[in-house]
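To start, the structure under review is shown below, and the notes come after it.
None of the figures in this text is laboratory data; all of them are computed from the coordinates on show. Here the structure is a predicted model, which is why all the values come from computation and not from measurement. In this analysis, Cβ positions are derived from the backbone assuming ideal geometry, glycine residues included, and neighbour counts consider all displayed protein chains.
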Amino acid sequence: MTEISRRAILGTTAASTFIAAAMAQDKVAKPETIAIIGTGNVGATLGKAWAAKGHRIIYGSRNPGSEKSVQLGMDTGNGAKVLTQPEAAASADIVLLAAPSQVALSLIASLGDLSGKILIDAMNEMSFKDNKLIEPDDSVGLAARIQAKVPAAFVVKAFNATNARVMSGPKTVTGGPVTVPLAGADDKTRARVAALATAIGFDVLDMGGAEALKQVEHLGRIYVAYAVTHRPQRLELNFRTWKA
Ligand SMILES: NC(=O)c1ccc[n+]([C@@H]2O[C@H](COP(=O)([O-])OP(=O)(O)OC[C@H]3O[C@@H](n4cnc5c(N)ncnc54)[C@H](OP(=O)(O)O)[C@@H]3O)[C@@H](O)[C@H]2O)c1
């Protein structure tokens, strides 16, 4: 389906598109190969969820030979491998960045040539003091800095405004629909990332191109700040759009 027909069917404004979760299905029609940099909560959960839908997962780890990495590869299934971070990035044209935000820019520099690749930035740049969010200096947001560092890559911010546990099954874990807001790059690239989200049960709010990257980062901050200040209560984003 083209972007234009998809927008016509789903209802949209010029600024954003709402895309509903895919109907529950076992496997995706077009499996992607996805490199996942960082094998922690987010990387491992998304890796397993995507592999269950038929996507090929290549994790990038600082310790690909460790017992934990080997176990993760086996638990993920569908032929998942664990390589070094640069090897993983070189093996796929979609690269999920799921490492600590503090190392994001040096990590990018260590991954080799990322030209032409889709970089999904799931990282939240934020810190807390006495349970209160310290507002970061985000005059230029993290995703924009990543894009500036690798101008020939296609940076999309996504999966930062929900929780790793939720990624294993949004509706079953939270009891209702969960929206992944995303932004960056071009329509076609965002549609590819949106399909990765809907395949594992998320709805998607396509906020737009690079101009909307910081909006998605703000939503991530709202998400995490609420979780930190209202423990054990959690918040999930559940957006819908309408035509005025
Ligand atoms: N946790 C959540 O619910 C959640 C939700 C949305 C977004 N996020 C964001 O997603 C990112 C990952 O979160 P997480 O909870 O998955 O973190 P995590 O469990 O600490 O995992 C991060 C992984 O990154 C790798 N890593 C750690 N230090 C590194 C370094 N110095 N250089 C390169 N790689 C390094 C490690 O994998 P290896 O040991 O295999 O190298 C580690 O397991 C963070 O930026 C976070 O803000 C988290």
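Listing for the model above:
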| quantity | calculated |
| --- | --- |
| Mean Kyte hydropathy of 0.0 or more with a Cα span along the axis of at least 30 Å, helices from DSSP in the chain | none |
| Label point distance in nm, residue 139-residue 41, each placed 7 Å from Cα along Cα→Cβ | 3.2 nm |
| Highest-fluctuation residue, 187, 137, 121 considered, GNM on the chain with Cα pairs under 10 Å | 137 |
| Point-charge dipole on Cβ atoms (K/R +1, D/E -1) for the range 3-229, about Cα centre, debye to 20 | 400 debye |
| Ascending count of other beta-carbon atoms within 10 Å, so fewest first, for 74, 167 | 74, 167 |
| Net charge of Cβ neighbours under 15 Å - reference residue 127; Lys, Arg +1; Asp, Glu -1 | -3 |
| Reachable aspartates and glutamates from residue 243, criterion Cα separation under 17 angstrom, eight or more residues apart if same chain | 206 |
| Length released on extending from residue 106 to residue 26, taking residue separation times 0.36 nm less the Cα-Cα span | 25.1 nm |
| Separation between Cα centres of the range 196-244 and the range 161-175, rounded to whole Å | 12 Å |
| Pairwise centroid distance, computed over Cα atoms, of the range 112-157 with the range 36-77, Å | 22 Å |
| Of 188, 48, 171, the one that fluctuates the most in a GNM where the chain has Cα springs shorter than 10 Å | 188 |
| Choice from 117, 68, 53 showing the highest fluctuation, given a GNM over the chain with Cα pairs closer than 10 Å | 68 |
| Inter-label distance for residue 244 and residue 68, nm, one decimal - labels placed 7 Å from Cα along Cα-to-Cβ | 4.8 nm |
| Sequence of 135, 125 once ranked by neighbouring C-beta atoms within 10 Å, starting from the fewest | 135, 125 |
| Using distinct alpha-carbon pairs, which all enter the 1/r mean, Kirkwood radius of the chain in Å | 18.1 Å |
| Pairs of Lys in the range 49-173 closer than 28 Å at Cα, counting only those 8 or more apart or on different chains | 17 |
| Radius of gyration and Dmax over the Cα atoms of the range 118-244, both given in Å | 14.5, 42 |
